[in-house]
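Below is one structure; the comments refer to it alone.
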Amino acid sequence: MKYIVATDSGDVVSGESAVYEKKALKIMARISKNSNGWVNPFMVDVETWNKPHKLNKNKIIITK
């Protein structure tokens, strides 16, 4: 299963395509370490992200 990493403001950090879990965890760790707690990243699977919800304000569709 592939995932995306996004922030609570709705920005996709992992890029235009989905990444595997190991890479997503590395991206989240890097963001958390460099932001000193100001940015809250989260990881969600692609199918869930592509469905309409409140965090995907810009209607960003990620390819698998």
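The values are calculated or read from the model by the stated rules, or taken from the named source; none is laboratory data. As the structure is a prediction and not an experimental result, all values here were calculated from the model. All Cβ positions, even for glycine, are placed from backbone atoms using ideal geometry, and neighbour counts span all protein chains on display. Note: areas computed on protein heavy atoms with side chains; ligands, DNA, RNA excluded. Shrake-Rupley method; radii C 1.70, N 1.55, O 1.52, S 1.80 Å.
Which order do you get for Tyr20, Tyr3 if you rank them by accessible area with a 1.4 Å probe, largest at the top? All intermediate terms of the calculation are to be shown ahead of the outcome.
Working: Tyr20 145, Tyr3 45 Å².
Sorted descending by solvent-accessible area, the residues read Tyr20, Tyr3.
For the set Lys26/Lys64; Lys2/Lys51; Lys22/Lys54, the pairs lying more than 22 angstrom apart at their alpha carbons are Lys22/Lys54. Annotation for the stretch 1-34 versus the stretch 36-64: alpha-carbon center distance of 9 Å. Accessible area per residue for the chain is 71 Å², calculated with a 1.4 Å probe on protein heavy atoms, without ligands, DNA or RNA. Computed on the Cα atoms alone, the convex hull of the chain gives a volume of 66 cubic angstrom per residue. The Ile31 and Lys51 beta-carbon pair, evaluated with R₀ = 25 Å, returns a calculated FRET efficiency of approximately 0.60. With axes computed from alpha carbons, what is the tilt in degrees of helix 21-35 against the longest principal axis of the chain, rounded to the nearest 10 within 0 to 90? Approximately 50 degrees, to the nearest 10.
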